[in-house]
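Encoded as structure tokens, the structure appears first; notes follow it.
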Amino acid sequence: MNDTTSLPALPDRLSVNPRSPHHVEEIFEHDIGIMLNGKEHFDVEEYCISEGWVKIPAHKALDRRGQPLMRTVKGTVEAFYR
């Protein structure tokens with residue numbers, strides 16, 4: 001049974017990368033879903049609801065530090081617990 005009252009509130013901006021200042025470890029203890037323009041995305045690395053964008057890896061491309069290159073996709077962003 002999933003009790004939604006014990007879940008922490010989802011922030012406006014959240015990142016999967018632990019080095020980011022927008023990373024919140026307590027949130028990732030639960031399963032999160034992200035919808036962009038009414039379609040659920042499973043490869044979102046970072047999102048911002050108020051600005052309306054998500055960052056998604058650009059396939060196999062890597063930057064000079066070995067991190068995946070991100071592309072920004074804009075639209076209506078919704079975050080929710082599954």
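Every number here is computed from the coordinates shown, using simple stated rules; none is lab data. None of these values were measured; they are calculated from a predicted model. In this analysis, Cβ positions are derived from the backbone assuming ideal geometry, glycine residues included, and neighbour counts consider all displayed protein chains.
Quick notes on this one:
- For the range 15-30, Karplus couplings with θ = phi - 60° (6.51, -1.76, 1.60), whole Hz, Gly/Pro x: 10, 7, 5, x, 7, 7, x, 9, 8, 10, 5, 4, 5, 7, 6, 10
- Rounded to the nearest 20, the size of the Cβ-charge dipole of the chain about its Cα centre is 560 debye, with Lys and Arg at +1 and Asp and Glu at -1.
- Under 5 Å, built H, 5+ apart or other chain: amide partners of L14: Y47
- Summary value for the range 10-81: 32 percent relative contact order, contacts being C-alpha pairs under 8 angstrom separated by 6+ residues.
- Descending principal axes extents, the chain, alpha-carbon based, whole Å: 43, 27, 22
- Counting DSSP beta bridges with both ends in the chain, the antiparallel % (nearest 5): 100 percent
- Residues V73, V44, sorted so that the one with the fewest Cβ neighbours within 10 Å comes first: V73, V44
- Highest average first, the peptides 25-38, 45-58 ordered by how many other beta carbon atoms sit within 10 Å of their residues are 45-58, 25-38.
- Sequentially through the range 35-46, phi angles give Karplus couplings (6.51, -1.76, 1.60; θ = phi - 60°) of 10, 10, 6, x, 10, 6, 10, 10, 10, 6, 9, 7 Hz, Gly and Pro residues having no value and appearing as x.
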